[in-house]
Amino acid sequence: MSKTTRRTILRNIALTLTAGGVLDTAAAQHVHEAAAAAKAGGVYKPKAFGAHQYKTVQRLAELIVPKDEKSGSAVDAGAPEFIDLLCSQNKDLANIYFGGLAWLDAEMRRRHGKKFVDAEAAQQAGMLDLLVEAERRERARRAEESVYERSTVYRDFAGYSTHARTDLAPGVVFFDWIRKMTVDAFYTSPMGVKDIEYKGNGAYSKYEVPVAALEYALKRSPFGA
Amino acid sequence: MSQIQRAAEVHDVVVIGSGAGGGSAVQVLTEKGIKVALLEAGPMLDVRKEFKEHKWPHDYDHRGAEEGGKFYFGKGKDFGFFTTVSGGWQLEGEPYTVGEGSQFQWFRSRIVGGRTNHYGRMSFRFSDYDFKPYSKDGLGWDWPISYEDIAPYYDKAEEFIGVCGSVEGIRSAPDGKFHTPPPAKVHEVLIKKASEKLGIPCIPNRRAVITKALHGRAPCHYCGQCGRGCQTASAYSSSQVQIFPAMKSGRLKVYDNAMAREVLTDGNGKATGVVYIDKKTREERTIRARVVILAASACESSRILLNSKTKEFPNGVANGSGLVGRYLMDTVGFGLSGYVPAFEGMPHYDTDGYGGAHLYMPWWMWDKHDQLDFPRGYHIEIGGGYGMPSVGSFHGAARTFGYGKKMKEEIRREYGCRVGFAGRGEMIPNQNSYCELDRNVVDQWGIPVLKFHFKWSDHEWKQARHMEKTFAAIIEGMGGKVSGLSAAQRESQGISVPGTIIHEVGTARMGKDKRDSVVNGFCQAHEVKNLFVCDGAVFVSNPDKNPTLTINALTWRAMDYLADEMRKGNV
């Protein structure tokens with residue numbers, strides 16, 4: 001799978017397409033990094049969110065996918081722009097965010113006397129930890145309930161009651177929304193593709209499987225090397 | 001029929017539908033010098049506009065979630081933004097209904113090439129015993145043809161469309177004329193080791209993808225995106241491989257956006273043409289032809305037959321048997337995935353390959369039914385590897401691991417460590433599964449729509465339970481852990497929703513006796529000699545072999561017969 005072969009093939013494919021629908025992956029990467037850099041330069045004006053809302057979305061995105069030694073944060077990968085764009089196109093989605101962000105600020109004020117972005121980093125993380133924990137409990141409760149609902153033995157068990165619903169529920173629902181969209185934006189960006197080490201979307205004259213990968217997996221499998 | 005323009009051109013043959021059956025009919029007939037008119041209910045395919053091959057999610061501001069994030073509300077394109085699906089489970093203004101107590105989903109394509117533009121390209125020959133199922137176990141009916149009758153046409157079809165595979169000598173999976181298959185990926189090598197320990201053969205997959213140049217088509221370049229449509233036509237589609245070349249021959253005229261309503265007959269048992277609605281003008285039009293071929297997909301062809309009512313054919317043309325619409329079958333589907341720690345930390349490589357799995361497991365117990373509590377069998381399709389990160393790829397992992405640096409690390413660790421198994425099994429035709437005209441509903445073209453009724457029987461449920469146990473044993477044999485639904489949930493939800501495997505067949509079956517079938521072994525209507533059905537409707541049974549290759553082969557055989565009959569003046 002040498003580079004020259006790959007490039008030749010891509011060129012050949014491009015030639016067969018009179019409109020040239022194929023962009024070399026490296027070239028595509030370059031274009032998108034340039035676009036991201038322009039956005040990061042502070043020129044991006046939110047379409048759906050107000051300044052405070054957008055700042056909160058940015059902070060949440062940074063907490064959800066932070067920078068680490070391998071890659072940048074979801075903010076570096078354009079997650080806030082992605083969320084803002086889709087919200088600007090869809091009122092239902094925008095209202096989920098407007099409501100969720102307002103709930104989050106109210107809850108932070110109640111707990112810490114400050115809006116989310118103005119709170120200490122530890123307080124912000126503490127809030128997200130509470131939401132994640134509440135989500136886990138809620139999921140466990142639902143799984144249990146579904147088993148009980150299916151079982152006539154337990155349904156007749158009048159004394160049984162499931163865990164009470166948490167009053168963090170609106171926050172849990174909102175956090176799930178911003179988390180999944182942030183994760184999507186990060187991992188579909190050139191930065192995320194590199195972070196996760198996806199090696200595909202190429203073009204080769206021959207398909208080969210590296211021996212090193214096969215040996216690695218076999219050694220760790222029940223079949224040995 | 002007084003409105004028919006007398007001066008209208010009379011074509012040799014009119015074909016309705018441009019998928020595997022219509023494409024093959026067009027190819028074979030035009031090669032023989034016969035002039036064909038092709039009706040397609042959707043638009044002409046523009047490969048460059050329609051196929052998103054090689055695009056990245058970040059080539060789009062919405063990353064594939066579509067405008068306003070439709071994906072997040074379950075309203076995105078069926079099978080995702082990047083696939084080349086021009087159609088779907090629901091089409092605007094073209095409804096279908098489902099009877100009380102039934103579930104059925106009907107996938108329809110509306111574009112030249114139909115579902116062949118994006119299908120899985122699985123290309124399995126039926127086995128000898130698949131044509132004589134009744135003789136084997138007393139269920140269903142035998143086909144009027146045998147493996148020997150169709151084998152030369154499997155050869156022709158494979159050689160023409162191009163299929164990868166290997167010669168194995170396994171009775172359930174007859175060998176064919178194959179291109180060299182690509183090598184097994186790492187997870188597939190482990191799956192093969194685990195399955196062979198259980199006595200299940202695991203062999204190179206058989207897909208309609210070429211690995212050497214064929215009729216001007218470039219060999220596969222291993223981007224793995226066949227579902228998006230293949231710009232180089234290295235993966236077979238009837239549009240690029242059969243219809244476009246036929247258009248160049250000058251013997252094919254394509255009428256797109258032409259929604260067929262009924263077959264016209266002359267009152268003396270002969271078809272004279274087709275009435276269709278021109279979708280652009282909403283005008284009713286007529287095409288006259290010496291021969292009419294229905295290839296609109298099993299249920300759509302049946303709908304046209306049922307809607308073609310005359311004094312001579314009060315139950316619909318060619319439906320003296322009353323069997324049109326009856327014995328609708330889909331494939332039995334069940335899936336299970338697992339997490340395999342052996343892949344954690346493995347050096348990543350490109351697992352896209354030739355699109356879909358490089359190995360599969362054919363049915364292995366055809367002579368061991370005394371050990372089973374269900375008839376017939378299934379094959380196993382496998383999945384795994386490092387998929388292109390897309391919207392939704394990591395939602396599950398994110399929910400499991402919360403947020404932050406830990407989530408990031410866990411996503412890296414888990415990526416590429418899952419394997420998936422999909423069983424594709426044979427359903428026994430039953431009386432409770434059929435489609436009929438809904439007397440109360442018409443589509444936006446004024447054509448009465450179909451109403452579906454469907455029930456899995458115990459045969460199918462028991463087969464799905466066998467799949468589940470088998471897949472779990474393979475996953476555990478690899479040192480993996482079954483993930484997803486709990487055992488209790490699998491027990492109650494563990495079979496595909498009827499229709500969703502998109503192998504619906506059987507609604508105008510072939511047979512020797514006109515009281516017991518709609519068409520003969522050459523796909524020719526018993527009651528109307530110049531009317532043919534060339535799609536899954538003619539299937540007598542629905543073996544665990546995906547239907548497309550058999551539709552190609554049956555059609556080729558039928559068209560050879562038709563050309564002969566036309567030459568002799570019999571049709």
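Values in this text are rule-based calculations from the coordinates and carry no lab data. Keep in mind the model is a prediction, meaning the values are calculated, not measured. Every residue, glycine as well, gets a Cβ built from its backbone with ideal geometry; the counts of neighbours run over all protein chains shown.
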Listed residue (B:Thr548, B:Thr272, B:Gln242) projecting farthest to the positive dipole end of chain B, Cβ model:
B:Gln242
Assigned charges on the beta-carbon of Lys, Arg, Asp, Glu; chain B dipole about Cα centre (debye)
780
Where Rh is the Kirkwood radius over the Cα pairs of chain B, the temperature 20 °C and the viscosity 1.002 mPa s, what D in µm²/s does Stokes-Einstein return?
88
Could you list the GluC sites (Glu not before Pro) in segment A:59-89 that lie in coil according to DSSP, counting only those with at most 11 other Cβ atoms within 10 Å of their Cβ?
A:Glu69
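Fewest first, what order do B:Val189, B:Val441, B:Val15 take by the number of other Cβ atoms within 10 Å?
Details: B:Val189 21, B:Val441 14, B:Val15 33.
Exposure proxy ranking, most exposed first: B:Val441, B:Val189, B:Val15.
Can you tell me what share of the DSSP beta bridges in the protein assembly as shown is antiparallel? A percent to the nearest 5 is fine. Intermediate values should be presented prior to the final figure.
Values: 51 of 72 bridges.
In the protein assembly as shown, approximately 70 percent of DSSP beta bridges are antiparallel ones.
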On a 0 to 90 degree scale, rounded to 10, what angle separates helix B:298-307 from the longest Cα axis of chain B?
30
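Would you mind ranking A:His52, B:His466 so that the residue whose beta carbon has the fewest other beta carbons within 10 Å leads the list? If you can, show how the numbers build up before the last one.
On the way: A:His52 14, B:His466 19.
Ascending number of Cβ neighbours within 10 Å: A:His52, B:His466.
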Could you list B:Tyr119, B:Tyr255 so that the one with the fewest beta carbons within 10 Å of its beta carbon is first and the one with the most is last?
B:Tyr255, B:Tyr119
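Before rounding to the nearest 500, sum -39500 (n - 2.57) across all DSSP H runs of length at least 4 in the protein assembly as shown and divide by the residue total; then give [θ] at 222 nm in deg cm²/dmol. Please report the intermediate quantities before stating the final value.
Numbers: 22 runs with 275 residues, N = 796.
Taken over the protein assembly as shown, the calculation gives -11000 deg cm²/dmol.
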